[in-house]
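Have a look at the structure below, then the notes.
The values are calculated or read from the model by the stated rules, or taken from the named source; none is laboratory data. The structure presented is a predicted model; accordingly, all values stated were derived computationally and were not measured. Cβ placement follows ideal geometry from the backbone for every residue including glycine, while neighbour counts extend to all protein chains displayed.
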Amino acid sequence: MDTKIVKIDDVKAQRDELQHAGEILRQGGLVAFPTETVYGLGANGLDGEACARIYDAKGRPSDNPLILHVANRSMVDQVAAKVPALAEKLMAAFCPGPITLILRRRSIVPDRITGGLDTVGIRMPEDDVARAMIKAAGVPIAAPSANISGRPSPTTAEAVAGDMAGRIPLILDGGPCRFGVESTIVDCTGDKAVILRPGAVTREMLTELLGEDHVNLDPALVGAKVVPKAPGMKYTHYAPKAPLTLIEGMPTRMARAFRREIERLQAQGHTVGVIASHEVLQELSDIVPAELMADYGHQQQLPAIAANIYEALRSFDDKPADVLLGEGTTDEGLGLAIMNRLHKASGFRTLPA
Ligand code: AMP
Ligand code: MG
């Protein structure tokens with residue numbers, strides 16, 4: 001299959017291209033599209049067979065449900081049986097935006113996409129290409145991230161093409177994603193908001209809106225040996241091709257800890273790649289060649305680190321490093337989402353700084 005990449009700079013002027021994408025989706029085909037979080041791999045969310053093609057293209061386990069992307073409130077009511085007061089509050093505050101609400105589903109939602117659950121994940125993206133495409137399709141769009149299962153999520157059209165070329169007919173290119181980590185998933189089916197996956201709508205933002213007593217973290221996120229409530233969170237994920245180990249601790253101790261570990265690994269004959277902050281990489285230029293470094297941004301600038309993290313992981317796909325070391329961030333604010341992805345990418349291999 002030939003994969004066409006169409007750059008969308010102006011959703012009004014490029015109506016025809018978006019209509020074409022809508023047509024492919026209505027006919028059961030797949031279209032990769034930009035959102036403010038990561039690129040999605042979309043299918044008609046009311047068509048079980050179309051959604052099955054997403055699982056095939058990604059190699060995704062069938063028990064891992066898909067999120068339905070909607071363009072407006074009436075599409076929410078089309079697929080959600082009930083919107084509790086808690087969800088209304090979250091929607092008023094954060095939608096459209098990088099948040100997914102888990103709600104009771106209507107029967108119109110195909111079983112194929114819910115992994116057998118009686119709930120459905122619903123997200124209203126803010127990105128104007130995503131919104132225009134959903135409107136052009138006229139149906140809710142089921143979409144996971146547009147990567148091969150287990151790989152880092154794509155935040156550019158090039159990264160999508162790297163995984164999906166030949167597997168899908170169309171990629172809409174809207175440029176790099178603004179947030180760079182997937183949506184915050186919040187279970188709204190109980191009396192408290194439960195964060196199942198951290199994202200750019202942070203725990204602190206939810207607590208400020210709902211109060212400390214009304215926001216919980218899924219215990220699986222903080223290391224408890226329980227099955228995560230978001231089925232996708234139990235799989236290894238975001239993994240670069242070479243094994244990654246994280247170094248965690250005080251920013252001021254980082255560079256020293258990296259140096260020690262790099263020297264140890266190099267003495268064993270390893271070619272070491274480093275994914276770290278600008279500050280740490282600067283200190284390592286005498287022992288790590290520039291092409292084996294990925295700079296994820298400045299230490300204190302979490303939004304930039306989130307936006308860069310998947311490209312940094314993917315940048316080692318065709319570099320000779322056989323082991324990777326990564327720098328951990330704080331787990332406050334957006335840091336919780338970044339550290340969640342880094343822990344999964346490293347299979348929870350960590351060293352203290
Ligand atoms: P992806 O979009 O590839 O990042 O994957 C979507 C994530 O949402 C996965 O972790 C899913 O397990 C999770 N998810 C989707 N629907 C539900 C649901 N109804 N309940 C819990 N988690 C869900
Ligand atoms: Mg994913």
Test of understanding: among 185, 148, 171, which residue is within 13 Å of ligand 1 (Cβ to nearest atom) and not in a loop (DSSP other than H, G, I, E, B)?
185
Restricting attention to the range 94-112, and to residues there that are touching a residue at least 40 places away in the same chain (Cβ under 8 Å) and either of a type in the set (S, T, N, Q) or in a helix (DSSP H, G or I) (or both), which single residue is surrounded by the most Cβ atoms within 10 Å (Cβ to Cβ)?
100
So in the range 220-273, with the set limited to residues that are farther than 30 Å from residue 184 by Cα and among the small types (Gly, Ala, Ser), which one is farthest from ligand 1 (Cβ to nearest atom)?
267
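For every residue, the table says whether it meets (1) within 15 Å of ligand 2 (Cβ to nearest atom); (2) within 19 Å of residue 188 (Cβ to Cβ).
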{"site": "109", "(1), (2)": "no, yes"}
{"site": "114", "(1), (2)": "no, yes"}
{"site": "121", "(1), (2)": "yes, yes"}
{"site": "124", "(1), (2)": "no, yes"}
{"site": "128", "(1), (2)": "no, no"}
{"site": "132", "(1), (2)": "no, no"}
{"site": "136", "(1), (2)": "no, no"}
{"site": "143", "(1), (2)": "yes, no"}
Across the range 161-174, what is the total count of residues that are closer than 15 Å to residue 42 by Cα and within 16 Å of ligand 2 (Cβ to nearest atom)?
4
List the residue pairs whose Cβ atoms are under 7 Å apart, where the first residue sits in the range 142-157 and is more than 24 Å from residue 101 (Cβ to Cβ), the second is more than 10 Å from ligand 2 (Cβ to nearest atom) and of a type in the set (D, E, K, R), and the two are 6 or more positions apart or on different chains.
148/163; 151/163; 152/314; 156/311; 157/173
Which count do you get for residues in the range 61-87 that are within 10 Å of ligand 1 (Cβ to nearest atom), touching a Pro at 6+ places or on another chain (Cβ under 6 Å) and among the aliphatic types (A, V, I, L, M)?
2
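This table checks each residue for (1) within 16 Å of ligand 2 (Cβ to nearest atom); (2) at pLDDT 95 or above; (3) closer than 18 Å to residue 120 by Cα; (4) buried (at least 23 other Cβ atoms within 10 Å of the Cβ).
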{"site": "176", "(1), (2), (3), (4)": "no, yes, no, no"}
{"site": "194", "(1), (2), (3), (4)": "no, yes, yes, no"}
{"site": "205", "(1), (2), (3), (4)": "no, yes, no, no"}
{"site": "219", "(1), (2), (3), (4)": "no, no, no, no"}
